[in-house]
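Undergrad: Handing you a structure now.
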Amino acid sequence: MVYVKNISYILSHIFFLVFVYVFTPHRYSKGKTFSVCLFSCLLMTLMDYFKLHLFSGSAVFYFFTTITQITITQLTGLFITEKRTLKTLFIGLSASNYVLVGTIIASILYIFTGNISLALTGNLLAHLLILTVLYSRIGGILSRFCQRDLGKNKWELCLIPIFFYCSFSSIAFFPYTLYEHPENILVSVFLMITMLVSYVVVLRYMDSEAKQVEEYWKNVMFESYIKGLESQSYLVEQSEQNLKILRHDMRHYSMMIDSLLNQKEYEEIRNITGHIHEVVDENKITRYCENLVLNTVLVTMAERAQSLQIAIHSDIVIPRQIPVNEYEFAMVLANLLENAIHSVENLEIQKRSIHVKLHCSADHLLIDLENQCMQEVSFDSTTGLPKSRKGKGHGLGMQSIQAFCDKLNGTITCYCENNRFRIIMFTKF
């Protein structure tokens, strides 16, 4: 029986690391990641030898050794993953539950058959089957789950695998095992089924909810884009009409200038040419950048700022073709500008200003916004982004900005000093 436990635990360590390796992005190279996993597996196996052979009669040693093993396995998962967040911790805790299933199946087979080979074969097949089913059913969901921002107070997700793990352990392993209380087998089987179904349901629900949030912001961005196009179309029509009038009146201006030249009324001529320049300038179409989508959003936000007497000082260099999704970029830009406008719209007129620097090229993207901020800003301890003052259910704009930055493997820096708020996002392609 101890032999079955030894092999079963080794398989559990291996498949735990395989699970984390498959379902999380890696921080290090394949060689270094494999070396870390191998070292962790050997350390776990050595500790199994101590608790199953050298100190097999000590329940206290078994308990503390198991706690140490759990800590080491979870730290290994966090160490090799690219982003050490609650999301990767959740996946690591979930992996511990899935490998427990294989261990329990091995114990059940051995209890009913007494055949070591059959028990270990069932253990191996159970691990392979679970890994294959999860990869095919929720592999894509877990991948998107790692890329998205969980938002506020999502640490409760980690409680799901923790309570499942405690339930499995108390029923099947400690303080009494299934070998000692086989009547717990039926409860263990139903608990395994409940866990598998629960994970699929919860993750799919979260994926559906995240997609709805993404669709909402896409709709907001497209609405802004359409309004911007309508506004630009109206401005073009007005400009064309005014320029037609100007062209019609040019012969009259020409006659007046010729007459004034004969009279040597040079000052009056300057007034006429100044008026012509004013009409031309008033009907000039504002263009912030060459990209149509981004320019539309910028024009819309600039008009909104102008209606609130907010000055926008811009330094924008964006070509027609950009190396990122222009709609996602536009959505991020709209969110940032909207937040900045909300921050300054109620201030004194001389303080209503926003400084915008946008540079996008083939090798990098820089977004740098700065504005006056008289209210206290609270920053999220995990993301470093400002929290919404409107409470629960808000702050989705910042989440979309974080998701865009994560997708590009960029960095975001936020700070508020001397009543000036600044956010900088940079990524190198």
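Undergrad: What are the GluC sites (Glu not before Pro) within the stretch 161-209 that DSSP puts in a loop, where the Cβ has at most 11 other Cβ atoms within 10 Å?
TA: Glu180
Undergrad: Here's something else I'd like to know. Could you list the trypsin sites (Lys or Arg not before Pro) in the stretch 24-104 that lie in coil according to DSSP, counting only those with at most 16 other Cβ atoms within 10 Å of their Cβ?
TA: Arg27, Lys83, Arg84
Undergrad: To continue, here is another question. Quick one: which residues, 5 or more positions from His26 or on another chain, have an amide H under 5 Å from its amide H? H modelled 1.01 Å from N in the peptide plane, none for Pro or chain starts.
TA: Residues meeting the criterion, in which the H sits 1.01 Å from N, are Glu82.
Undergrad: Are there any chymotrypsin sites (Phe, Trp or Tyr not before Pro) in the stretch 41-91 that are in a DSSP loop and have at most 14 other Cβ atoms within 10 Å? List them by number.
TA: Phe55
Undergrad: About its Cα centre, how strong a charge dipole does the stretch 286-429 have in debye, to the nearest 20, once Lys and Arg get +1 and Asp and Glu get -1 at the Cβ?
TA: It comes to approximately 200 debye.
Undergrad: To continue, here is another question. Give me Lys428, Lys5, Lys351 sorted ascending by neighbouring Cβ count inside 10 Å, so fewest comes first.
TA: Fewest-to-most ranking of Lys428, Lys5, Lys351: Lys428, Lys351, Lys5.
Undergrad: In addition: Would you work out if the stretch 286-429 is rounded, prolate or oblate? Take a ≥ b ≥ c from the square roots of the eigenvalues of the alpha-carbon gyration tensor; rounded if a/c is under 1.5, else prolate when a/b is larger than b/c, oblate otherwise.
TA: Here the stretch 286-429 falls in the oblate category.
Undergrad: Right, another one. Round to the nearest 0.05 the FRET efficiency obtained for Ile162 and Gln241 when R0 = 51 Å and r is the Cβ-Cβ distance.
TA: Efficiency computed from Cβ-Cβ geometry: 0.15.
Undergrad: Separate question: Applying the Karplus parametrisation 6.51 cos²θ - 1.76 cosθ + 1.60 with θ = phi - 60° to the phi angles of the stretch 30-45, what ³J(HN,Hα) value in whole Hz is obtained for each residue in order, glycine and proline being reported as x?
TA: 4, x, 5, 4, 5, 5, 5, 5, 5, 4, 4, 5, 5, 5, 5, 5
Undergrad: Rounded, prolate or oblate: which fits the stretch 1-147 when a ≥ b ≥ c are the square roots of the eigenvalues of the alpha-carbon gyration tensor, with rounded for a/c under 1.5 and prolate only if a/b beats b/c?
TA: oblate
Undergrad: A further question on this structure: Past 22 Å, Cα to Cα: identify those pairs from Lys5/Lys87; Lys83/Lys428; Lys32/Lys83, in the order given.
TA: Lys5/Lys87
Undergrad: Still on this structure, I have one more. Run the numbers on the stretch 286-429 and let me know its relative contact order in percent, using alpha-carbon pairs under 8 Å that are six or more apart.
TA: Relative contact order for the stretch 286-429 comes out at 22 percent.
Undergrad: Using the Cα centre of the stretch 2-217 as origin and beta-carbon charges of +1 (Lys, Arg) and -1 (Asp, Glu), tell me which of Tyr110, Phe79, Leu159 is placed farthest towards the positive end of the dipole.
TA: My answer, from the dipole projection, is Phe79.
Undergrad: So if R0 is 41 Å, what FRET efficiency would Ile67 and Gln350 give, r being the distance between their Cβ atoms, rounded to the nearest 0.05?
TA: The pair Ile67/Gln350 has a calculated efficiency of 0.10.
Undergrad: Among Val299, Val200, which comes first, second and so on when ranked by fewest other beta-carbon atoms within 10 Å?
TA: By the 10 Å Cβ count, ascending, the order reads Val200, Val299.
Undergrad: Something else about it: If the only charges are +1 at each Lys and Arg Cβ and -1 at each Asp and Glu Cβ, what is the size of the charge dipole of the stretch 2-217 around the Cα centre, to the nearest 20 debye?
TA: 580 debye
Undergrad: Okay, moving on. Could you list Met331, Met206 in order of exposure, starting from the residue whose Cβ has the fewest other Cβ atoms within 10 Å?
TA: Result, fewest neighbours first: Met206, Met331.
All of the numbers you see were taken from the coordinates with simple rules; none came from a lab. A quick note: this is a predicted structure, and the numbers were derived from the prediction, not measured. Glycine gets a Cβ as well: all are built from the backbone with ideal geometry, and neighbour counts include every protein chain shown.
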